[in-house]
Amino acid sequence: MHAHAKWTVLAAAALAVSGRPADAQDSGRLTGGFAGRTDSEMLWSPPVETALRSGFLAGAFVDVPTPVSWLRMRAEGGLAQRGGFVSTDTRGNAVDGEVRGDYLGVHIEAKAGLSLGPVHAFAVAGPVIDYLLRNREDPVLAQVLIEERGTVLGVAAGAGLGLRVTRAWVIEAETRWVRGLTEAYSGSGLQVRNRSREWVLRLSRMAGDSG
């Protein structure tokens, strides 16, 4: 696991042990935007040698309370870039190829959190639906990836830290993992799924608060 991801998860866990129900968890509806980076790879079956490809993500979200003080629900939609580099084929022969997919991602996530003063830690998990907007692949891979899936189902899980900077505004930093449960591409005897690690910054405002 990346060093920054380890720090985020460990800090969130430590805060959760020592904290109390988060102020942000007890607040009303939060609406805002997010942006960040994706480090993506493709899971091939049969396996081939692959490497990560970096991209970006951006979009908007709404974060709403539930009757349980420490539990909220978050819905988001936005653009996410996925794909990866491929350096061998299924027989081990060297190739040099890249796949780049632009997706409209829709997440529905449960969000559990605890706080210490203005700082809160949280963990999220839930299903993902990715809708393919545009696909680009090198010719060497286009010969084997015959079919692109327009809709990909997946699951996401992550953890992060947040800060309530004023009565109305909340900033959050989050590390999230997204794994495809259904195929993104297929070919003759091939199945390919997406997997991504995401680094996300969020800025949200509490509904009805002018602070």
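The table below gives the values:
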{"read-out": "Two-site FRET efficiency, ALA173 against VAL62, from Cβ-Cβ distance with R₀ of 22 Å, rounded to 0.05", "value": "0.70"}
{"read-out": "Over the range 3-206, volume per residue of the alpha carbon convex hull, in Å³", "value": "107"}
{"read-out": "With Cα atoms, 0 to 90° folded angle of helix 3-18 axis to the chain main axis", "value": "30"}
{"read-out": "Two-site label geometry, LEU71 and ILE108: point separation in nm, points 7 Å out along Cα→Cβ", "value": "1.5"}
{"read-out": "Length gained when the stretch LEU79-ASP96 is fully extended (0.36 nm per residue, less Cα-Cα span)", "value": "3.5 nm"}
{"read-out": "Estimated vicinal HN-Hα couplings, Hz - the range 165-181 in sequence order (Karplus 6.51, -1.76, 1.60; Gly, Pro = x)", "value": "7, 9, 4, 9, 10, 10, 10, 9, 10, 9, 10, 9, 10, 10, 10, x, 9"}
{"read-out": "Cβ-based exposure ranking for THR88, THR175, in which fewest neighbours within 10 Å come first", "value": "THR88, THR175"}
{"read-out": "Trypsin sites (Lys or Arg not before Pro), loop per DSSP, at most 12 other Cβ atoms within 10 Å - longest free stretch of the chain", "value": "1-90"}
{"read-out": "Packing-based exposure ordering (other Cβ within 10 Å, fewest first) of PHE122, PHE56", "value": "PHE56, PHE122"}
{"read-out": "Rough spin-label spacing in nm, given labels placed 7 Å along Cα→Cβ, for LEU116 and ALA142", "value": "5.4"}
{"read-out": "Relative contact order (%) - criterion: Cα under 8 Å, at least six apart; region: the chain", "value": "23"}
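Just so you know, all these numbers are worked out from the coordinates, no wet-lab data involved. Values in this document were obtained by computation on a predicted structure and should not be read as measured data. Heads up, the Cβs are rebuilt from the backbone with ideal geometry, glycines too, and the neighbour counts pull from every protein chain shown.
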